[in-house]
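Undergrad: One structure, pasted below without further comment.
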2 protein chains.
Amino acid sequence: MRTVSSLDKLRAGRLSLNGTVGLVPTMGYLHEGHISLVRRAKLECESVVVSIFVNPTQFGANEDLSKYPRDPERDLSLLKSLGVDLVWNPTPEIMYPIGYQTWVEVETLTRPLEGAVRPGHFKGVTTVVAKLFNAVQPHKAYFGQKDAQQAAVIRQMVRDLNFPIEMIICPTTREADGLAMSSRNKYLEGADRPAATILFRALSAAKAAYEGGERNAEKLRTVMKGMLDSEPRAQPQYVSCADYDTLEELDLISGKTLLSMAALIGKTRLIDNFVLG
Amino acid sequence: MRTVSSLDKLRAGRLSLNGTVGLVPTMGYLHEGHISLVRRAKLECESVVVSIFVNPTQFGANEDLSKYPRDPERDLSLLKSLGVDLVWNPTPEIMYPIGYQTWVEVETLTRPLEGAVRPGHFKGVTTVVAKLFNAVQPHKAYFGQKDAQQAAVIRQMVRDLNFPIEMIICPTTREADGLAMSSRNKYLEGADRPAATILFRALSAAKAAYEGGERNAEKLRTVMKGMLDSEPRAQPQYVSCADYDTLEELDLISGKTLLSMAALIGKTRLIDNFVLG
C-alpha cells in the first residue's frame with residue numbers, strides 16, 4: 001500500500017494502478033461503515049484508492065472541525081490490512097492553497113434537510129468530491145447510504161457535470177442495538193450512548209407503520225417526531241418523509257421514499273435514515 | 001471524422017481515440033482563430049476533439065443568444081478538412097436536461113472586466129467547460145488569448161479542481177487591419193467595420209507608450225480611453241491595465257500585464273487585449 005500526500009505523488013501513484021479503479025472518499029477515523037465500503041470496492045475493482053481528508057470547507061463556523069476525531073496511524077494500518085492499493089491524505093494547504101477560489105454547487109437538492117440546518121455544508125462536500133474525482137479519476141466511487149442526502153447530491157453532480165464515474169451507494173452499517181456507525185459516535189458519553197438509539201427506534205416505528213399499510217407521509221413524520229420527543233436527551237432538528245430522488249416532502253407515499261432525521265443527543269449531532277419502497 | 005451529439009456516443013467515440021487527446025471547445029461559426037487552435041492541437045496531440053455548442057448559460061438575458069451566428073455544415077466540412085477526429089455538437093437539452101442544477105464558479109477572477117459587465121457569464125462558461133472536460137477527458141485543451149479573462153478563469157478552475165489537463169492559450173488571430181477575429185464580427189455592417197479597428201489601434205498606442213518607457217498604468221488606460229473616445233461609433237465599456245494573473249488593476253507596471261478593453265461598435269460588442277512583459 002502506497003500512502004501519498006501531494007497531488008503530484010497521487011497522480012504518479014494513480015498511473016501505476018491497473019484496471020478498474022474504485023475510490024472510497026473518507027474523513028478518516030474509520031469504522032465498520034467505511035470498512036464495508038472498502039470491502040465492496042475490493043470485490044468490484046482491480047485497484048482501490050482511499051482518500052482521508054477532514055474537509056474544512058464542509059464544516060460550519062460553529063461545527064466540530066477542530067475536534068473532529070482523528071487517528072491516522074490506526075486508519076492506515078486498517079487500510080493496509082484490507083488490501084487497499086493507494087491512500088491519499090492531503091493537507092488542507094494542498095487541497096485549498098492560497099488563492100483558491102473555485103466552488104461546485106448543486107442547487108435544489110441541497111436546500112432541505114441537512115442543507116437547511118447546515119448552510120454551506122454541501123457546497124464544501126461537492127467541491128471537495130469534484131476535486132477528489134478529478135485527482136483520482138476513479139471508475140467507481142463508494143459512498144454510504146447513512147449520508148443519504150450527500151449521496152443524492154453527489155449523484156446529481158456526477159450526472160450534471162458528466163463525470164464518467166459510477167456511484168455505488170452502500171447500506172448503512174449499524175451497531176448491534178441499531179445505532180448507525182459514525183465517527184461522531186465517539187462523542188457519545190454515558191447515558192447519551194443508549195439514548196442515541198432513539199433515531200433507529202423512531203425510524204423502525206415509522207417503517208412498521210408503513211409496512212402495516214400507512215401511506216400518509218405526515219402520519220409517519222408524526223410517529224418519528226413523537227418517538228424523538230419521548231427521549232429527554234434528544235433534541236430533534238428535523239424529521240422527513242420525502243421522495244427518494246428529489247428529497248421533496250411527500251403527502252402520500254407511492255414510490256421510493258426516504259425517511260430521515262437529525263437530532264442532537266446531548267451535544268452530539270446525529271443523523272440516520274431508512275429507505276422505503 | 002466522426003460527428004456525435006449524445007453523451008453516450010461521445011464517450012464511445014472518445015474510447016476509440018489513441019494517445020494524447022486535445023480538445024478545442026468552440027461555439028461554432030468557425031474563423032481563422034479557431035482554425036489556428038485546431039492546427040496547434042493537431043501538431044501537439046495524436047487525436048483532436050472539437051466541441052461545437054452555443055452555450056445558453058453564458059449569455060445574459062439581454063444578450064445575443066438567439067441571433068448568435070451559426071453555420072454547422074460549413075463548420076463540419078472545415079473541421080474535416082483540418083483532420084479533426086471527433087466532433088461533439090450536443091443540443092442544449094443534452095447539456096442541460098430537465099432537473100439540471102449544478103454550477104461551477106470561480107470567485108475573485110470573475111469579478112472585474114467582462115464579469116462586471118456580464119453578470120453570470122463566467123458561471124456559464126466554467127460550468128460548460130467543466131462538463132466538456134469531464135465528458136471528453138482531454139490531455140490538453142486549447143483556448144484563444146482573445147478571451148483573456150476566460151483563459152485566466154479556466155486556468156484557475158483547472159488548478160483549483162485538480163483537472164489533469166494542460167491548458168494551451170494561443171495567440172489572437174487578426175484581420176489584416178488588426179481587428180481581432182471573432183464570430184461577432186459578422187454583425188459589423190458598413191462604416192462599423194473600419195471603425196472596429198479602434199480597439200486594436202488603442203491597444204497599439206498603449207503598447208507603444210509602454211515600449212517608450214511608460215510604466216504608469218493610469219497613463220496607459222488614459223491613452224486607450226482617449227483613442228476609443230475619438231471614434232464616434234465606439235461606446236467604450238471599460239479599459240484595463242491589470243496584472244496578468246490576478247486581473248487586478250495596476251498602479252505601476254512591473255511584471256506580466258494585460259491591457260484589455262470592451263466597446264460597442266454600433267450595436268456590436270467587441271473585446272480585445274494585448275499582453276505586455
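The values are calculated or read from the model by the stated rules, or taken from the named source; none is laboratory data. What you see is a predicted model, and the numbers here were worked out from it, not measured in a lab. Cβ coordinates were reconstructed from backbone atoms using ideal geometry, including for glycine residues, and neighbour counts include every protein chain displayed.
Undergrad: Among what's in the range B:1-55 and is among the small types (Gly, Ala, Ser) and closer than 26 Å to B:Thr173 by Cβ, pick the residue that is surrounded by the fewest Cβ atoms within 10 Å (Cβ to Cβ).
TA: The residue in question is B:Ser36.
Undergrad: May I ask you to verify whether B:Lys146 is away from every other protein chain (no Cβ under 14 Å), in contact (Cβ under 8 Å) with a residue 60 or more places away in the chain and part of a loop (DSSP other than H, G, I, E, B)?
TA: Against the criterion (away from every other protein chain (no Cβ under 14 Å), in contact (Cβ under 8 Å) with a residue 60 or more places away in the chain and part of a loop (DSSP other than H, G, I, E, B)), B:Lys146 qualifies.
Undergrad: Could you name every one of the helices (runs of 4 or more DSSP H) located completely within the range A:37-141 that has at least 2 residues being in contact (Cβ under 8 Å) with a residue 60 or more places away in the chain and within 14 Å of chain B (Cβ to nearest Cβ)?
TA: A:121-136
Undergrad: Continuing with this model, one more query. Out of (1) of a type in the set (A, V, I, L, M, F, W, C); (2) away from chain B (no Cβ under 14 Å); (3) within 22 Å of A:Leu86 (Cα to Cα); (4) assigned to a helix (DSSP H, G or I), the odd one out for A:Ile169 is which?
TA: (4)
Undergrad: Going by the structure shown, is A:Asp245 among the acidic types (Asp, Glu), outside the structural domain of A:Leu109 (by TED's automatic domain parsing), closer than 25 Å to A:Ile169 by Cβ and touching a helix residue (DSSP H, G or I) at 6+ places or on another chain (Cβ under 9 Å)?
TA: So A:Asp245 fits the description; yes.
Undergrad: Can you name every one of the helices (runs of 4 or more DSSP H) wholly within the range B:180-277 that holds 2 or more residues which are under 23 Å from B:Glu32 (Cα atoms) and out of contact with any strand residue (DSSP E or B) (no Cβ under 6 Å at 6 or more places or on another chain)?
TA: The helices (runs of 4 or more DSSP H) meeting that bar are B:192-195, B:198-211.
Undergrad: Within the range B:54-64, is there a residue that is over 30 Å from A:Met157 (Cβ atoms) and within 17 Å of the chain's Cα centre (by Cα)?
TA: So far as the range B:54-64 goes, yes, one or more of its residues are over 30 Å from A:Met157 (Cβ atoms) and within 17 Å of the chain's Cα centre (by Cα).
Undergrad: As an exercise: evaluate B:Val158 against (1) outside any helix (DSSP H, G or I); (2) crowded, with 18+ Cβ neighbours inside 10 Å and give the number of the one condition it does not meet.
TA: B:Val158 satisfies every listed condition except (1).
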